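Right, one structure below, let's go through it.
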Amino acid sequence: MNIHEYQAKQIFAKYGVPTPKGKVASSVEEAVENAKELGGPIWVVKAQIHAGGRGLGGGVKLAKSLDEVKELADEILGMTLVTHQTGPEGKLVQKVYIEDGADIKDEFYLSVVLDRAKEMPIIMASTEGGMDIETVAEKTPEKIIKVTVDPSIGFQTFHARDLAFGLGLPKEQQGTFYKFAKALYDVYMDNDAELIEINPLVRTGKGEFIALDGKMGFDDNALYRHPDIEAMRDESEEDPDEREASQYGLSYIALDGEIGCMVNGAGLAMGTMDTINYMGGTPANFLDVGGTANAETVAKGFEIILKNPNVKAIFVNIFGGIVRCDRIANGILEATKLVDVNVPVIVRLDGTNAPEAAEILKNANIDNVIAADDLADGAKKAVAAAKGEL
């Protein structure tokens with residue numbers, strides 16, 4: 001789950017991570033009132049969407065008067081902001097954050113993420129603050145400092161020294177930087193975050209460090225421990241199909257292809273998509289029905305997949321273990337009664353009660369349900385069906 005910048009800064013404040021003063025607004029009038037309360041004389045008007053690159057897209061602008069605050073808030077609120085992270089469709093801006101201007105001497109990049117290979121948090125820093133970190137990693141990777149933190153000992157002064165030396169900070173500022181980085185690490189660990197990114201982290205003329213931006217993402221599986229954070233969820237920023245799928249216990253992610261996938265188990269789902277690609281097709285989604293699939297969840301899976309107009313075939317690839325194959329077969333038949341499945345459905349069922357499942361599908365005699373012998377055969381038939389060759 002992701003949250004907005006203003007929400008991330010609310011969490012930062014609880015841990016003593018310095019940020020400029022700011023207030024969120026949903027209307028032009030509220031934006032002007034917020035600017036009056038902050039006092040100025042310079043304000044920054046920031047679009048609040050779940051995506052980076054807002055500045056380059058025209059979603060972050062400087063105002064030097066209340067009239068400019070009004071003008072910019074009117075311009076940004078309601079706009080469809082397109083950035084390199086939103087895709088060409090962009091995101092509708094429904095809130096703006098009015099923030100005090102800052103005395104910026106230098107800009108840095110600082111983040112805390114999970115290093116999945118090392119199974120530990122990693123802190124990344126760079127002198128290239130304000131820039132797209134992916135571009136920095138590609139063109140000048142030597143400018144990114146990486147420090148791995150073992151959770152058993154936590155963030156220590158030697159971690160801060162490695163980061164400070166890499167950023168070229170003078171000795172007299174290293175203590176201040178340590179406090180900032182330590183607080184950020186605590187935010188990450190205490191709240192089950194998956195990502196914290198500050199871009200830019202600014203150093204003021206007085207040598208203070210301030211989070212000028214704030215991006216946070218959380219582990220959905222740990223949200224039950226953080227009801228206060230879950231309450232920050234903005235469903236309007238989330239994919240409606242993914243949100244609907246999660247309500248039925250389905251893990252769904254939309255992709256750009258034309259073959260819908262319905263699989264049980266994340267590993268098998270990835271293998272299925274890889275095999276479709278190998279056979280010359282392109283998957284339209286990732287969909288894991290999990291181990292408790294029934295007719296209702298299978299029908300909902302078909303319904304969500306078929307909302308994508310690009311889908312020309314569906315590949316159902318189930319390995320029966322916790323969920324029996326005959327149960328899935330009956331679920332498919334029930335789903336065809338509940339949902340207008342108007343594309344070929346290739347079905348590969350293996351594992352517990354697979355022979356019974358094959359018999360169920362055979363006796364059903366449904367024209368657009370096609371049996372497959374194994375993964376390769378199913379992927380091959382799905383690709384052929386999507387091309388109209390089956």
**OP:** Among residues belonging to region 82-116 that are touching a residue at least 40 places away in the same chain (Cβ under 8 Å) and small (Gly, Ala, Ser), point out the one that is nearest to VAL136 (Cα to Cα).
**Re:** SER111
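Return yes when LYS179 is farther than 26 Å from ARG54 by Cα and among the charged types (D, E, K, R) and no when it is not. Before the answer, list the steps.
Details: farther than 26 Å from ARG54 by Cα: yes; among the charged types (D, E, K, R): yes.
Here the answer is yes, as LYS179 does meet what is asked.
What strands (runs of 3 or more DSSP E) completely inside region 176-286 contain at least 2 residues that are farther than 30 Å from GLY301 by Cα and under 20 Å from the mean Cα position of the chain (by Cα)? Walk me through it before giving the result.
On the way: elements: 193-203, 209-211, 215-218, 251-254, 259-263.
The strands (runs of 3 or more DSSP E) meeting that bar are 193-203.
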**OP:** Would you list the helices (runs of 4 or more DSSP H) that sit entirely within region 320-390 and hold 1 or more residues that are in the same structural domain as LYS300 (by TED's automatic domain parsing) and farther than 24 Å from MET273 by Cβ?
**Re:** 325-338, 354-364
Original post:
Do we find a residue being assigned by TED's automatic domain parsing to the domain that holds LYS381, at pLDDT 85 or above and not in a helix (DSSP H, G or I) anywhere in region 292-299?
Top reply: no
Original post:
Mind checking which pairs have a first residue in region 223-235 that is under 21 Å from ILE49 (Cβ atoms) and a second that is in a helix (DSSP H, G or I) and of a type in the set (Phe, Trp, Tyr), Cβ under 9 Å, 6 or more apart or different chains?
Top reply: GLU230/TYR224
Original post:
Which residue pairs have Cβ atoms under 8 Å apart, sit 6 or more places apart or on different chains, and have a first residue in region 117-137 that is without any contact (Cβ under 8 Å) to a residue 60 or more places away in the chain and more than 16 Å from VAL202 (Cβ to Cβ) and a second that is among the aromatic types (Phe, Trp, Tyr) and surrounded by 13 or more Cβ atoms within 10 Å (Cβ to Cβ)?
Top reply: MET124/TYR109; VAL136/TYR109
**OP:** Residue by residue through region 128-161, note down the ones that are out of contact with any Lys or Arg (no Cβ under 9 Å at 6 or more places or on another chain), surrounded by 14 or more Cβ atoms within 10 Å (Cβ to Cβ) and among the β-branched types (Val, Ile, Thr).
**Re:** ILE133, ILE144, ILE145, VAL147, VAL149
Original post:
Restricting the search to region 90-110, which residues are surrounded by 20 or more Cβ atoms within 10 Å (Cβ to Cβ), not in a loop (DSSP other than H, G, I, E, B) and not hydroxyl-bearing (Ser, Thr, Tyr)?
Top reply: LYS91, VAL96, ILE98, GLU99, PHE108, LEU110
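Per-residue answers, yes or no, for (1) surrounded by 22 or more Cβ atoms within 10 Å (Cβ to Cβ); (2) of a type outside the set (Phe, Trp, Tyr); (3) touching a residue at least 24 places away in the same chain (Cβ under 8 Å):
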{"residue": "GLU334", "(1), (2), (3)": "no, yes, yes"}
{"residue": "LYS337", "(1), (2), (3)": "no, yes, no"}
{"residue": "ASN353", "(1), (2), (3)": "no, yes, yes"}
{"residue": "ASP374", "(1), (2), (3)": "no, yes, yes"}
{"residue": "VAL383", "(1), (2), (3)": "yes, yes, yes"}
{"residue": "ALA386", "(1), (2), (3)": "yes, yes, yes"}
Original post:
From the list ASN221, ASN285, which residue is out of contact with any Ser or Thr (no Cβ under 8 Å at 6 or more places or on another chain) and within 30 Å of ILE346 (Cβ to Cβ)?
Top reply: ASN285
Original post:
Based on what the data block shows, is ALA164 without any contact (Cβ under 8 Å) to a residue 40 or more places away in the chain, among the small types (Gly, Ala, Ser) and either exposed (fewer than 13 other Cβ atoms within 10 Å of the Cβ) or touching a helix residue (DSSP H, G or I) at 6+ places or on another chain (Cβ under 7 Å) (or both)?
Top reply: yes
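In contact (Cβ under 8 Å) with a residue 60 or more places away in the chain and part of a loop (DSSP other than H, G, I, E, B) - does that describe any residue in region 69-81? Write out each step before concluding.
We begin by selecting, within region 69-81, every residue in contact (Cβ under 8 Å) with a residue 60 or more places away in the chain; these are none.
There is no residue in region 69-81 that is in contact (Cβ under 8 Å) with a residue 60 or more places away in the chain and part of a loop (DSSP other than H, G, I, E, B).
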Original post:
Considering only region 78-116, how many residues are closer than 17 Å to GLY55 by Cβ and of a type in the set (A, V, I, L, M)?
Top reply: 8
Subject >> Hits in region 65-89 (condition: buried (at least 20 other Cβ atoms within 10 Å of the Cβ) and either among the charged types (D, E, K, R) or over 21 Å from the mean Cα position of the chain (by Cα) (or both)) >> reply: VAL69, LEU72, ALA73, ILE76, LEU77
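For region 162-193, which residues satisfy the criterion of being touching an Asp or Glu at 6+ places or on another chain (Cβ under 8 Å) and either at pLDDT below 95 or over 18 Å from ASN2 (Cβ atoms) (or both)?
Keep residues of region 162-193 that are touching an Asp or Glu at 6+ places or on another chain (Cβ under 8 Å), which gives 176, 192-193.
THR176 - this is the single residue of region 162-193 that is touching an Asp or Glu at 6+ places or on another chain (Cβ under 8 Å) and either at pLDDT below 95 or over 18 Å from ASN2 (Cβ atoms) (or both).
Here is a yes/no grid of residues against (1) of a type in the set (Val, Ile, Thr); (2) touching a strand residue (DSSP E or B) at 6+ places or on another chain (Cβ under 8 Å); (3) under 16 Å from LEU268 (Cβ atoms):
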site: ALA284; (1), (2), (3): no, yes, no
site: LEU287; (1), (2), (3): no, yes, yes
site: ASN308; (1), (2), (3): no, yes, no
site: CYS325; (1), (2), (3): no, yes, yes
site: GLY331; (1), (2), (3): no, no, no
site: VAL339; (1), (2), (3): yes, no, no
site: THR352; (1), (2), (3): yes, yes, yes
site: GLU359; (1), (2), (3): no, no, no
**OP:** Show the residue pairs that are 6+ apart or on different chains and have beta-carbon atoms under 6 Å apart, the first residue being within region 251-263 and in contact (Cβ under 8 Å) with a residue 24 or more places away in the chain and on the phi < 0 side of the Ramachandran plot, the second being surrounded by fewer than 20 Cβ atoms within 10 Å (Cβ to Cβ) and not in a loop (DSSP other than H, G, I, E, B).
**Re:** TYR252/GLU242; ILE253/PHE286
**OP:** Kindly list, by first and then second residue, each pair from a residue in region 1-27 that is assigned to a loop (DSSP other than H, G, I, E, B) to a residue that is of a type in the set (Phe, Trp, Tyr), limited to pairs with Cβ atoms under 6 Å and residues at least 6 apart or on different chains.
**Re:** MET1/PHE218; THR19/PHE12
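The values are calculated or read from the model by the stated rules, or taken from the named source; none is laboratory data. Quick caveat, the model's predicted, so the values are computed rather than measured. No Cβ is skipped: glycine too gets one built from the backbone with ideal geometry, and neighbour counts run over all protein chains shown.
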